[in-house]
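Structure, as structure tokens:
Rule-based calculations on the coordinates, nothing more; no lab input. Quick caveat: nothing in here was measured; it's all calculated off a predicted structure. Counting neighbours? That spans all protein chains shown, and the Cβs are built from the backbone with ideal geometry, glycine included.
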């Protein structure tokens, strides 16, 4: 039962890869994104995982392919993250070189994040998300704080079998 919140938190952070958004100069199509999540405050106390269990909070790089659509570029200047229920993007500010926004979450994850993305050129980008809040773990609420740094590289105009995330609607 305890593994679900652990993996949920890790998945949320990785999906925040999501939140390493891309600037308007981006090309629509398939992008490869590498993220590194650093936990400043993990919901799991040190030493509480069973010996040999994989640690979702270890800060190892995670690489995934993401499909960026023209609609996402036009509306957000970025690929929109697949957000956990109760989260939304607010205060979006798009510029020619990138974007900034806030992420507000209520529910199982409650708190606020800031995100930014900068286009290095039309085929390379870097991003950062920082989140501070709490995570509901059973009857308890635990403080969390994490940062996701990302780099993105354009791979192809064709996304192939990779499907875009549906943008969150207000």
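Quick one: if the Förster radius is 35 Å, what FRET efficiency do residue 110 and residue 27 give, using the C-beta to C-beta distance and rounding to 0.05?
Result of the calculation: an efficiency of 0.45.
Note the full-extension length gain between residue 140 and residue 120 as 0.36 nm times their separation in residues minus their Cα-Cα distance, in nm to one decimal.
Full extension from residue 140 to residue 120 adds 3.0 nm.
What's the FRET efficiency of residue 90 with residue 70 using the Cβ-Cβ distance as r and R₀ = 25 Å, to the nearest 0.05? Spell out each step's value before the answer.
Numbers: r = 23 Å, r/R0 = 0.92.
Result of the calculation: an efficiency of 0.60.
First check a/c for segment 70-170, with a ≥ b ≥ c the square roots of the eigenvalues of its C-alpha gyration tensor; if it is under 1.5, answer rounded, and if not, answer prolate when a/b is larger than b/c or oblate otherwise.
Since a/c reaches 1.5 and a/b is larger than b/c, the shape of segment 70-170 is classed as prolate.
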